[in-house]
Amino acid sequence: MNASVDSVQPGSKPLLLRSGTAARLAGVSSSTLRIWEHRYGVVSPPRSPSGQRTYSMADVQRLRLIRQLTSEGHAIGTVANLDVDELGSLASGSRLSAEGRQRVLVVGHGAARKLKGRLGTSPVLVFDDLGDMESKVIVTGAADVLVVHVPSLQPNTPERILALRTVLPVVSVVVVYAFGTEAVAEALRAAGVVVRREPVTGRELARLVASARPFQVAPARGAQIDPRHYDDAELVALTEIASSVACECPRHLAEIVTMLVGFELYSTECASRSPADAALHRHLGEVTGVARTLLEQALSRVIAEEGL
């Protein structure tokens with residue numbers, strides 16, 4: 001079937017593609033397409049009279065957007081049910097950052113007023129408060145810097161802010177507050193958040209935004225922590241591949257790596273009751289990251305040995 005065009009003449013039938021062709025056009029593997037379809041309902045292709053799944057070019061465009069967003073850090077479960085307009089909005093936000101300008105999200109109109117006119121051409125999106133942002137996070141898109149201005153730091157403030165940092169995702173976070181305990185502020189600092197207590201001038205806040213850098217976790221005792229080598233879809237695919245090894249090493253290793261990825265994320269999001277508690281969670285995250293790196297290396301060797 002020719003899959004090079006999507007245009008149709010009036011009255012003609014729309015172009016329909018087989019799964020392998022749709023996967024190639026979307027830039028994903030056939031196994032990833034099956035997982036996205038069966039587990040997450042990303043697309044719902046009709047079947048031909050012979051029972052084969054058939055995809056439209058609209059399906060392909062949707063798959064392309066989802067592939068782009070997952071490659072940039074969005075969880076497949078977060079974007080799977082968004083419509084094409086929402087997916088496009090997220091992808092557009094990512095492109096703004098790629099053009100070399102910081103994309104800045106601001107929680108609180110007080111901080112927005114201080115930053116007005118001080119960030120050059122960088123796009124700024126303003127939210128009323130944390131609750132407002134949490135309600136819109138699904139369509140907000142990735143950003144370079146998140147600025148949060150709150151009247152007071154509550155015990156659950158670190159958990160809410162770190163959750164936003166992960167879900168968006170966002171590279172750097174700056175928090176400005178008027179009142180709150182030092183323990184809560186220290187919990188945020190321990191997670192790599194820049195924290196300042198009022199008064200903060202507009203010039204100082206703009207300087208913090210301009211110099212914002214991602215938080216780098218120090219490896220535990222010098223051990224190396226690498227970025228994830230396998231995404232969620234690849235791990236799921238590996239757990240479903242029949243192995244030629246009796247002990248089913250690929251499946252078991254993929255399951256272990258999946259659990260480590262989950263706990264690594266949990267450690268970064270877990271609320272901290274004190275500086276010591278924050279340090280403990282940071283250490284747990286580091287140790288888990290080292291373990292995940294080593295197990296991914298082992299999984300790669302098994303995959304190579306079996307020719308998967």
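Numbers below:
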read-out	value
Long-range neighbours under 9 Å by Cβ, at least six apart or interchain, first residue more than 22 Å from ASP232 (Cβ to Cβ) within the range 36-48, second open to solvent by 80 Å² or more (accessible area, probe 1.4 Å)	SER48/ARG18
Residue that is modelled with the highest pLDDT [pool: residues in the range 201-221 that are over 16 Å from VAL173 (Cβ atoms) and part of a loop (DSSP other than H, G, I, E, B)]	THR201
Positions within the range 154-200 being of a type outside the set (D, E, K, R) and part of a strand (DSSP E or B), in sequence order	VAL170, VAL171, SER172, VAL173, VAL174, VAL175, VAL176, TYR177, ALA178, PHE179, VAL194, VAL195
Residues being part of a helix (DSSP H, G or I), open to solvent by 50 Å² or more (accessible area, probe 1.4 Å) and either touching a Lys or Arg at 6+ places or on another chain (Cβ under 7 Å) or among the small types (Gly, Ala, Ser) (or both) - total across the range 18-32	1
Complete set of residues in the range 141-173 that are modelled with pLDDT of 90 or more and of a type in the set (Val, Ile, Thr)	VAL145, VAL147, VAL148, VAL150, THR157, ILE161, VAL173
Complete set of residues in the range 166-188 that are open to solvent by 40 Å² or more (accessible area, probe 1.4 Å) and touching a residue at least 12 places away in the same chain (Cβ under 8 Å)	THR166, VAL167, VAL171, PHE179, THR181, GLU186
Qualifying positions in the range 42-54 - more than 12 Å from VAL28 (Cβ to Cβ) and open to solvent by less than 40 Å² (accessible area, probe 1.4 Å)	PRO45, SER48, GLY51, THR54
Residue satisfying condition, being assigned to a helix (DSSP H, G or I), over 14 Å from the mean Cα position of the chain (by Cα) and at negative phi, within set ILE35, ILE66	ILE35
Residues (of a type outside the set (Ser, Thr, Tyr), surrounded by 14 or more Cβ atoms within 10 Å (Cβ to Cβ) and modelled with pLDDT under 80) located in the range 96-138	LEU96, ARG101, GLN102, PRO123, VAL137, ILE138
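The values are calculated or read from the model by the stated rules, or taken from the named source; none is laboratory data. Model, not experiment: these values are computed from the prediction. Counting neighbours? That spans all protein chains shown, and the Cβs are built from the backbone with ideal geometry, glycine included. To get the accessible areas, we keep the full protein, side chains included, count just its heavy atoms, and leave off ligands, DNA and RNA. Shrake-Rupley method; radii C 1.70, N 1.55, O 1.52, S 1.80 Å.
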